[in-house]
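One structure below.
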Amino acid sequence: FDVTTPSSGSLATVTISNLAIDAPKPVGLVRVDVGPCGSSGSAPSNEFGYGIPVTAVVSTTQTYGSDRFATAAALFNSEFDCNNGNDNNSSAVIATGLNYPDALSGNYLAGQLHTGILEVSTDSIPSEVLSALQAGGVSHVYIVGGVNAVSAAVASQLASTQAYQCNSTGNGSTAMTNSSGNPVDITVTRIAGNTRYDTSEQVATYPGTTVGTLDVSRTTSAVPTAILATGLNFPDALSAGPMAYSGTNVSSNGNAKGFPLILTDPNSLSPQAESALHADGIQQVIVMGGTAAISDAVISQVESDLGIPSQAIIRLAGNDRTRTA
């Protein structure tokens, strides 16, 4: 655009207000180049205002249900139902909606399967969850957590629930049957340990999962990376959920090479966490939260016990949970 007349005051001062940035994604900083262009169309010769903050207005969508279980189902339906050609590889991850650790660890598995996490009560399955399994064409569910989190009765009910598959027209799901025309039920796999830390280890090392690589320190090549978070509270691990789910690489079928989200005691590296880091061949660790969440002693153990150098251990922390996020 052209500034045809100077603003009031010094002729060297030009005031620009209500500047709109048309960009394909949110913009943090812009550079304003100022100089003579005229009819020649030559580039501005002077640069001013480098780093002007710009507030980008983006659209928002609110997804919710009548309770936590219905909200999880609504999220699942928004991304993984069979309508409009969506395909979630016929899988779903299920965890208790009454506590947080298992679902947080399950982010890594859900990303590997290119699916979402549905929540159930310990002893019952909300109707919204059963509807989501059908709408998503789910034939295999992975329960994250032991029987104290998701009971054997719930697992049994799922194992006797009709399996569905996305139909070829991309406009819904179809009940699965075998060659004799008899209904096929959902396959149920439970991934669990005796404690939240054991379950976290089992998810992080589940056969067939692929650890994503990253070079956060920018001193080496991209290497297998894991996220370490306290198992005694949820905010930091929750903030890391998208990293655990998607990592940095997504294969052609949509499955993510995410980063295992491994829970530990905040004051001492849990044996299960150490075992998972070792089994996954982790060479770089993203530590979520400040020293109250993950102590420096834990980081020292990661260095000494696993041989991971300090420059490959990156702490993401703020003064509180919101700033850490």
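The modelled label-to-label distance between Tyr64 and Asp123, using points 7 Å beyond Cα along the C-beta direction, is 3.0 nm.
Over region 104-156, all Cα pairs binned in 10 Å intervals from 0 give whole-percent P(r) values of 22, 55, 22, listed from short to long. Peptides 95-101, 175-181, 195-201 ranked from most to least packed give 195-201, 95-101, 175-181, packing being the mean of other C-beta atoms within 10 angstrom over each peptide's residues.
Mean sequence separation of contacting Cα pairs (under 8 Å, at least six apart), scaled by the length of region 189-325, corresponds to a relative contact order of 27 percent. In bins 5 Å wide, starting from 0, what share of all Cα pairs of region 80-139 does each bin hold, as a percent? Per 5 Å bin, starting at 0, the Cα pair percentages come out as 4, 20, 27, 24, 18, 5, 1. Using the 1.4 Å probe convention, the accessible area of region 278-319 works out to 46 Å² per residue with neighbouring protein chains retained. In a shell of Cβ-Cβ distance under 13 Å around Asp236, excluding Asp236 itself, what net charge do Lys and Arg (+1) and Asp and Glu (-1) give? Counting the neighbours of Asp236, the net charge comes to +2. What the Cβ-Cβ distance of Thr177 and Ala325 gives, at R0 = 35 Å and to the nearest 0.05, is a FRET efficiency of 0.15.
Here the extension length gained between Ser304 and Ser168 equals 43.6 nm, from 0.36 nm per residue of separation less the Cα-Cα distance.
The values are calculated or read from the model by the stated rules, or taken from the named source; none is laboratory data. Small disclaimer: the values here were computed from a predicted structure and weren't measured. All Cβ positions, even for glycine, are placed from backbone atoms using ideal geometry, and neighbour counts span all protein chains on display. SASA here: full protein model, heavy atoms, side chains in, ligands and nucleic acids out. Shrake-Rupley method; radii C 1.70, N 1.55, O 1.52, S 1.80 Å.
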